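Reviewing the structure listed below.
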Amino acid sequence: MASRLSLLVLLATTCCCAIASDPSLLQDFCVADKMSQVSVNGFTCKDAKEVVAEDFFFSGLHVAANTSNKQGSGVTAANVMQIPGLNTMGVSMVRIDYAPKGQNPPHTHPRATEILAVLEGSLYVGFVTSNPDNTLISKVLNKGDVFVFPKGLLHFQYNYGTENAIALAALSSQNPGVITIANTVFGSEPSISDGILAKAFQVDKKTVNCIQAQF
């Protein structure tokens with residue numbers, strides 16, 4: 001009986017470990033075939049005989065993004081959509097440009113942890129832990145500093161300085177996804193009921209409607 005129980009525990013542990021992370025590569029690479037009509041979790045593989053150097057290349061992180069918007073920031077992504085060779089590799093990058101007083105507003109990456117390095121300027125950054133504590137963990141970063149945002153947690157960056165700021169970030173997914181909180185809550189299509197949002201944020205419907213009109 002004890003041996004049978006031990007076997008069941010071993011099997012349960014093995015299964016949990018097996019589904020707790022992305023599977024390892026079974027080949028050298030799997031360049032994304034974006035023309036394929038086959039639907040899979042990610043992209044199907046391009047014929048290895050048709051793979052070229054350009055499948056692993058992207059040029060653009062040296063160019064500043066447009067920050068002339070309401071948030072005063074711009075993101076240049078280098079993920080599987082720009083670099084097909086990242087398919088199944090579990091990694092991507094972004095460059096983020098911030099105007100003075102610009103911010104990368106509160107958002108989450110549902111599929112990735114992020115590690116961010118400041119290249120120019122200074123940033124006030126932070127993330128908030130999950131319920132029930134909702135603790136803000138924040139810090140001011142200067143040129144050369146690095147900060148980590150855990151997978152799935154709400155986080156932000158704000159350029160409180162008078163000069164432009166630049167950051168480079170790596171993410172642990174070929175397609176980390178992004179959920180910008182304000183856009184998601186107040187700008188969804190169709191809209192979330194103003195009654196639901198009024199109760200959630202403890203404000204009246206008029207306030208909710210006013211915010212929704214901004215999105």
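What the table shows:
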quantity: Condition broken by Pro132, with the remaining ones in (1) assigned to a loop (DSSP other than H, G, I, E, B); (2) outside the structural domain of Asn69 (by the TED database) satisfied; calculated: (2)
quantity: The one condition in (1) assigned to a strand (DSSP E or B); (2) open to solvent by less than 40 Å² (accessible area, probe 1.4 Å); (3) more than 22 Å from Phe186 (Cβ to Cβ); (4) of a type in the set (Gly, Ala, Ser) that Ala112 fails to fulfil; calculated: (1)
quantity: Single match in Asn209, Asn164 (criterion: of a type in the set (S, T, N, Q) and either assigned by the TED database to the domain that holds Gln71 or touching a residue at least 60 places away in the same chain (Cβ under 8 Å) (or both)); calculated: Asn164
quantity: All positions within segment 169-204 that are touching a His at 6+ places or on another chain (Cβ under 9 Å), of a type in the set (Val, Ile, Thr) and open to solvent by 70 Å² or more (accessible area, probe 1.4 Å); calculated: Val178
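For (1) out of contact with any Ser or Thr (no Cβ under 7 Å at 6 or more places or on another chain); (2) over 26 Å from Ala182 (Cβ atoms); (3) open to solvent by 70 Å² or more (accessible area, probe 1.4 Å), each residue gets a yes or a no:
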| position | (1), (2), (3) |
| --- | --- |
| His62 | yes, yes, yes |
| Asn66 | yes, no, yes |
| Gly74 | no, no, no |
| Leu86 | no, yes, no |
| Val91 | no, yes, no |
| Arg95 | no, no, no |
| Lys101 | yes, no, yes |
| Thr108 | yes, no, no |
| Glu120 | yes, yes, yes |
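The values are calculated or read from the model by the stated rules, or taken from the named source; none is laboratory data. Treat the numbers as computed from the prediction; the structure is a model and nothing was measured. With ideal geometry, Cβ positions are generated from the backbone for all residues, glycine too; neighbour counts draw on all protein chains shown. Ligands, DNA and RNA are stripped out before the accessible areas are found, and what is left, the full protein with its side chains, is counted by its heavy atoms. Shrake-Rupley method; radii C 1.70, N 1.55, O 1.52, S 1.80 Å.
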